[in-house]
Amino acid sequence: MLKLVRHNVATEPASTDDAITAGHNGGPPLEDEHRPEWGDGGIGNYFYWKAAHRAAWRNPSPGIVAFRIRKAERLGLTYEEYTLEILERGRHLQIEDVDRIAEIKRARAARTINHRS
């Protein structure tokens, strides 16, 4: 006659080689040190920067978006490139800013090449 052996896997490990103890759910070890969102260093101005970043990229009014789109198209830039330039430099690009516009376009081309490879 064949005898069936049943193991209760909830309370007994499958083998003695398993390091998992009875009642373990198989989740990550609790001994690992928690790494906060801001990294290993001190918190510094992390939350101020996070709030400022969120506020800077918050959706502006439709009129401002339309203005920036028209201006960006006139300069040969994308909306994101034009808006980022405003946020980084604190000024709107003009047609006379030929060198800076060319630099932005070169950076775009470099990103495209690096992204494809």
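Rundown of residues vs (1) modelled with pLDDT of 85 or more; (2) of a type in the set (Ser, Thr, Tyr); (3) surrounded by 11 or more Cβ atoms within 10 Å (Cβ to Cβ), yes/no style:
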{"position": "5", "(1), (2), (3)": "no, no, no"}
{"position": "8", "(1), (2), (3)": "no, no, no"}
{"position": "13", "(1), (2), (3)": "no, no, yes"}
{"position": "39", "(1), (2), (3)": "no, no, no"}
{"position": "67", "(1), (2), (3)": "yes, no, yes"}
{"position": "81", "(1), (2), (3)": "yes, no, yes"}
{"position": "85", "(1), (2), (3)": "yes, no, yes"}
{"position": "89", "(1), (2), (3)": "yes, no, yes"}
{"position": "104", "(1), (2), (3)": "yes, no, yes"}
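With respect to the conditions (1) of a type in the set (A, V, I, L, M, F, W, C); (2) loosely packed, with under 10 Cβ neighbours inside 10 Å; (3) modelled with pLDDT of 85 or more, residue 77 lacks only one, and its number is (2). The residue pairs whose first member lies in the range 63-87 and is among the acidic types (Asp, Glu), whose second member is assigned to a helix (DSSP H, G or I), and whose beta carbons are closer than 6 Å, counting only pairs six or more residues apart or on different chains, are 81/104.
The values are calculated or read from the model by the stated rules, or taken from the named source; none is laboratory data. Nothing here was measured: the structure is a model prediction, and the numbers come from that model. Note that we place each Cβ from the backbone using ideal geometry, even for glycine, and neighbour counts take in every protein chain shown.
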